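See below for the structure under consideration.
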Amino acid sequence: MVSKSYSNLLELASGEAPSFGRIGRRIPRIMTVASLISDVDDDPSESACSEDMSSSSVQRDRIIIVANQLPIRAQRKSDTSKGWIFNWDENSLLLQLKDGLGDDEIEVIYVGCLKEEIHPNEQDEVSQILLETFKCVPTFLPPDLFSRYYHGFCKQQLWPLFHYMLPLSPDLGGRFNRSLWQAYVSVNKIFADRIMEVINPEDDFVWIHDYHLMVLPTFLRKRFNRVKLGFFLHSPFPSSEIYKTLPVREEILRAILNSDLIGFHTFDYARHFLSCCSRMLGLTYESKRGYIGLEYYGRTVSIKILPVGIHMGQLQSVLSLPETEAKVAELMKQFCDQGRIMLLGVDDMDIFKGISLKLLAMEQLLVQHPEWQGKVVLVQIANPARGRGKDVKEVQAETSSTVKRINETFGKPGYKPVVLIDEPLKFYERIAYYVVAECCLVTAVRDGMNLIPYEYIISRQRNAKLDKVLELEPSNPKKSMLVVSEFIGCSPSLSGAIRVNPWNIDAVADAMDCALEMAEPEKQLRHEKHYRYVSTHDVGYWARSFLQDLERTCRGHLRQRCWGIGFGLSFRVVALDSNFRKLSMEHIVSAYKRTTTRAILLDYDGTLMPQASIDKSPTSKSIGILNNLCRDKNNMVFIVSAKSRKVLAEWLSPCEKLGIAAEHGYFLRLKRDAEWETCAPVADSSWKQIAEPVMKLYTETTDGSTIEDKETALVWSYEDADPDFGSCQAKELLDHLESVLANEPVNVKSGQNVVEVKPQGVNKGLVAKRLLSTMQERGMSPDFVLCIGDDRSDEDMFEVITSSIAGPSIAPRAEVFACTVGRKPSKAKYYLDDTGEIVRLLQGLASVSEQTVPL
């Protein structure tokens, strides 16, 4: 059954909700959750009540691992009776992950699809068997829906784009198709429904794997605001220039950000993701004690960078099999006994694995180094492609024709320079090729991780029985050689490999020659270095490290208040301190009416005027509101801004009784006719002669940046610059200025798209102190204080206001409202969403004053 919330999401995705046939009946729950069934509507009331659900007690931590495919092999029984035989898929990373975690420490539940299609009449029985025997929850998809989701959106659109292939023509990857996107959203929702049937939301961890399920976090977060949710992307994440061509780019980014922890294999992939979040969503990130975090509506979304490893136990057990020994002996006879040196390539038959480039490099090697003719053999194992389509057939045809040409040109009786194996091999057979190969070549033009080099390194470590087959002494130092593409995920962790640009055929051929000619001691040292890394960073290390970080990230869930906002795939959860709440109009108007001495402090940019507004001057409406507040003899109203006094005096000249604090409070006047005062000793501005040339240098090199020269401060703004480059330049400028101004009486601070140099000790908190002390001196300690601001500089005002509550400058039992703009971490106790709400709030207070002030 498709829920209404699901239909709403599909309306967002495509404009209409599709109808589906039977998707699979419900399976028995492993753990029950009070008042929850999987097909209720996702309305706000459900989201709220999900926080108070009772949870069943568990003896062990439990994790639900969600992926496109279950780690299960299914085979129909051979006899006439109906039924299936199920076995674990030993080669599945998800199963290896479970072994790495250890059954004693954590219970693992799997949710995913089977490779085989199960008839609807058998789905209940299959679900029961898989649940009871394997703790697997199968997700059954109608064949047509699966085809549009997997072969359509995943393989024709996401896969090429994430591997840097733009659909510039219909032949180069699939053009965006709204119906395929709709199928993708549909399947992610079906996965969410299956998870609902087994999850204990207060205790369980959920770990989602790969690009097939990137919008799943939104569905889970909508049901359970505090779900402990991790996501790991096993493919590359493209640069922002590539990613932003995707029509549903923001929907996918926001969905991924509904996770608590997001994992990538390399820093490059993480950097691209963070750049997309910055450019498309305006989010910034920072590193805290080694952990990278994104602030997203009060939640900290952590970024994890750690390449996956291999299953050491499985590889070592396969190396010990008699079948492996027999295959190694056979290959020794076929190649080594004939005086041949084996180079090995193991790749899927797809366009990104660079098989044809490798073959061309082999051809170039034989041309440039004829001494290797008759001696060197490239064995290319081509695994069946995971996708299907025209591009796969083209790769197969090109590979076959290139192999044929090389063998015809350089082959002779008893010698073929290239051996192409394009049929599936058993795992032990592949391991045997690793054992015998002198060098392994991975020339993918783009790949997520690629564990082939890791498997090769462990296989070359061998064991005593294989050493005997190879006629080597067990004490002999082990050796291996790797030629790897710069564009694969494992490349950064293999510092002893020869890294190549696979597009440069000559460079790859030279690397192959270098690997063959390298001295034995050097090969041994490189192998030892790689073996130490690969053997200690196995799949268990990777899984434990990810889960430890997920647990750390989720630790503060219960200390925060959470609620959902937004519709469809724009849904996100706001998480705030339990004491932080929205400022209610009724509450503040009531307090305003019953108080008689009021202090009101207002920031300007981002508070009274939107930050993005080009014309920053106040509107006639804002001037009218300020005048109405100022006419009330019970009020003392101040505008506190970073702008210069000249600009503020000009803009706010119609407000006769309005107090103004300019340049963060350095200059102050209590009303229009009063003289300007200073809140700090008169500053020596000679430091500007040092700072201004430095700022000019950065302005010249940063397109879109400007300098504002104030009386007491200098501000470098990069609001109109490229966000990534501007932010990078701002960090450099901050360091540069701190260095050259180290002995000057100034502070260098970064703000929202600015770097500012101002006199020491000057901040907006001084204005709050001055206002409160002035009112106290006049015998009118305020019993109502309202302070509103939007950025970091306003936090000083909030701190002064809140710390004065118990002091003499504020009346006992005073009503104090420190309010920030937007839901974000702050020293303020209240928030309002935007400048529009602030203007409405001030208008409400002004209306109260208008009614009480005599005409």
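If you go through region 590-623 and keep only what is under 40 Å from the mean Cα position of the chain (by Cα) and of a type in the set (D, E, K, R), you end up with D603, D605, D615, K616.
Elements of the type strands (runs of 3 or more DSSP E) sitting completely within region 256-362 and holding at least 1 residues that are more than 14 Å from the chain's Cα centre (by Cα) and surrounded by fewer than 19 Cβ atoms within 10 Å (Cβ to Cβ): these cover 285-288, 341-348.
Any residue that is open to solvent by less than 20 Å² (accessible area, probe 1.4 Å) and either at pLDDT below 95 or assigned by the TED database to the domain that holds A497 (or both) - is there at least one of those in region 419-430? Give the derivation first.
As a first pass, look at region 419-430 and keep what is open to solvent by less than 20 Å² (accessible area, probe 1.4 Å): none.
No; the residues of region 419-430 include none that is open to solvent by less than 20 Å² (accessible area, probe 1.4 Å) and either at pLDDT below 95 or assigned by the TED database to the domain that holds A497 (or both).
If you go through region 562-580 and keep only what is at pLDDT 75 or above, open to solvent by 20 Å² or more (accessible area, probe 1.4 Å) and in contact with a strand residue (DSSP E or B) (Cβ under 7 Å, 6 or more places away or on another chain), you end up with G564, G566, R572.
Just one of the listed residues (P160, P201, P217, P236) is more than 20 Å from A255 (Cα to Cα) and not aliphatic (A, V, I, L, M), and it is P160.
Which residue, of V800, V816, V762, is open to solvent by less than 50 Å² (accessible area, probe 1.4 Å), in contact with a His (Cβ under 6 Å, 6 or more places away or on another chain) and over 23 Å from P610 (Cα atoms)?
Values: V800 fails: in contact with a His (Cβ under 6 Å, 6 or more places away or on another chain); V816 fails: in contact with a His (Cβ under 6 Å, 6 or more places away or on another chain).
Residue meeting the stated conditions: V762.
Of the residues making up region 728-748, just one is surrounded by fewer than 16 Cβ atoms within 10 Å (Cβ to Cβ), closer than 24 Å to D794 by Cα and at pLDDT below 90, namely P745. Scan region 122-143 and report the pairs whose first residue is assigned by the TED database to the domain that holds I190 and whose second residue is among the basic types (K, R) and open to solvent by 20 Å² or more (accessible area, probe 1.4 Å), with Cβ atoms within less than 6 Å and a gap of 6+ or a chain change. Hits for this filter: D124/R25. Considering only residues in region 384-417 that are among the hydrophobic types (A, V, I, L, M, F, W, C) and more than 36 Å from the chain's Cα centre (by Cα), the one that is farthest from D350 (Cα to Cα) turns out to be F410.
The residue pairs whose first member lies in region 729-744 and is closer than 15 Å to P693 by Cα, whose second member is in a helix (DSSP H, G or I) and open to solvent by 50 Å² or more (accessible area, probe 1.4 Å), and whose beta carbons are closer than 6 Å, counting only pairs six or more residues apart or on different chains, are V740/I690. Mind counting the residues in region 656-694 that are at pLDDT 90 or above and closer than 21 Å to E738 by Cβ? Residues in region 656-694 being at pLDDT 90 or above and closer than 21 Å to E738 by Cβ: 8 in total.
Has region 751-758 got at least one residue that is open to solvent by 50 Å² or more (accessible area, probe 1.4 Å), touching a residue at least 12 places away in the same chain (Cβ under 8 Å) and not assigned by the TED database to the domain that holds I660? Yes, because at least one residue in region 751-758 is open to solvent by 50 Å² or more (accessible area, probe 1.4 Å), touching a residue at least 12 places away in the same chain (Cβ under 8 Å) and not assigned by the TED database to the domain that holds I660.
Pairing each residue of region 532-561 that is touching a residue at least 40 places away in the same chain (Cβ under 8 Å) and open to solvent by 80 Å² or more (accessible area, probe 1.4 Å) with any residue that is among the basic types (K, R) and not in a helix (DSSP H, G or I), provided the two are 6+ apart or on different chains, yields C-beta distances under 8 Å for E551/K228; L558/R226.
Inspect region 551-569 for any residue being closer than 20 Å to Q461 by Cβ and under 26 Å from the mean Cα position of the chain (by Cα) and give the result as yes or no. No, the conditions are met nowhere in region 551-569. I want to confirm something. Restricting to region 122-149 and keeping residues that are touching a helix residue (DSSP H, G or I) at 6+ places or on another chain (Cβ under 7 Å) and either in a strand (DSSP E or B) or open to solvent by 10 Å² or more (accessible area, probe 1.4 Å) (or both), which single residue is nearest to N87 (Cα to Cα)? Only one residue fits best here, namely C136.
The values are calculated or read from the model by the stated rules, or taken from the named source; none is laboratory data. It should be emphasised that the depicted structure is a prediction, and the values quoted were computed from it without experimental measurement. So basically every Cβ, Gly included, is an ideal-geometry build from the backbone, and we count neighbours across all protein chains shown. Please note that ligands, DNA and RNA were not included when accessible areas were found on the heavy atoms of the full protein model with its side chains. Shrake-Rupley method; radii C 1.70, N 1.55, O 1.52, S 1.80 Å.
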